[in-house]
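The values are calculated or read from the model by the stated rules, or taken from the named source; none is laboratory data. This is a predicted model, so every value here is computed, not measured. Using ideal geometry, Cβ is built from the backbone for each residue, glycine included, and neighbour counts are taken over all protein chains shown.
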Amino acid sequence: MRLGLLGPAEGDLVTLRNTARFLLEERKVDRAVYLGKDRALDDVVMAWASDLVGEDPTDDALWMRAAARCSDASPEEIRSFLRAELDRRELARLEVLPGVGSRSVELLNGKVVVLIYDKAHLDEEDIVAASLLVFGKSPEVMMKQVGPRWFLSPGNQGSMILEDKDDGIHLTTFSPDLTELNSQPLELGRGTRMRVQGAS
């Protein structure tokens, strides 16, 4: 599992699209999550999808696009149409956080990863349960270990990849121009033991 992390765009949609393309196409992440508080990634994905398949690139309009382009098309034109639609579907690997104060919870290598825009919205339950706390609100790249936990941020316009490998979770960070800044395994403490009690 490779999880991509996109830092806030700060209005730079060109860099955001280049970074998203890099994570999807070159680094082959399974998913990439945008950690900004705006909807910049939605705008990027909509424009990117429109470049691939034309106006109204939504799922609802798929059959209209197929009817318009394939009814009298040659086999090669149909293949081209299908390739573009498959590329459009790949954009579903790009995701945004539910909201500014909301968090997304992932599981990598048996470790809980909490994704949030502003770490000030983390509560005690988030911190106790998580091994990795990833946030977007930071102008610079941040990698800080506190006890058994890591606090991570790709920084504005930066990106990261968390990869689940046989020997644990590895982190790779990139600058806005996609230069690799760092690549390392993350030393993580043993997982928290949890006991669930129910009514007998």
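Within the stretch 61-98, being touching a residue at least 12 places away in the same chain (Cβ under 8 Å) and either outside any helix (DSSP H, G or I) or basic (Lys, Arg) (or both) holds for ARG65, ARG69, ARG88, ARG93, LEU94, GLU95, VAL96, LEU97.
Checked against (1) in a helix (DSSP H, G or I); (2) buried (at least 21 other Cβ atoms within 10 Å of the Cβ); (3) not charged (D, E, K, R), ALA32 passes all but a single condition, namely (1).
Residues that are at pLDDT below 90 and in contact with a Phe, Trp or Tyr (Cβ under 9 Å, 6 or more places away or on another chain) were ranked within the stretch 96-118; the one that is surrounded by the most Cβ atoms within 10 Å (Cβ to Cβ) is ARG103. Within the stretch 8-20, can you find the residues that are among the hydrophobic types (A, V, I, L, M, F, W, C) and either farther than 13 Å from LEU91 by Cα or outside the structural domain of LEU178 (by TED's automatic domain parsing) (or both)? Result: ALA9, LEU13, VAL14, LEU16. Do you know which residues across the stretch 44-60 are of a type in the set (Val, Ile, Thr) and in a loop (DSSP other than H, G, I, E, B)? Answer for the stretch 44-60, where residues must be of a type in the set (Val, Ile, Thr) and in a loop (DSSP other than H, G, I, E, B): just THR58. Out of LEU23, LEU41, LEU115, report the one residue that is touching a strand residue (DSSP E or B) at 6+ places or on another chain (Cβ under 7 Å), assigned by TED's automatic domain parsing to the domain that holds PHE174 and assigned to a helix (DSSP H, G or I). Within the list LEU23, LEU41, LEU115, the selection yields LEU23. Inside the stretch 118-149, residues that are under 18 Å from the mean Cα position of the chain (by Cα) and assigned to a strand (DSSP E or B) make up a count of 6.
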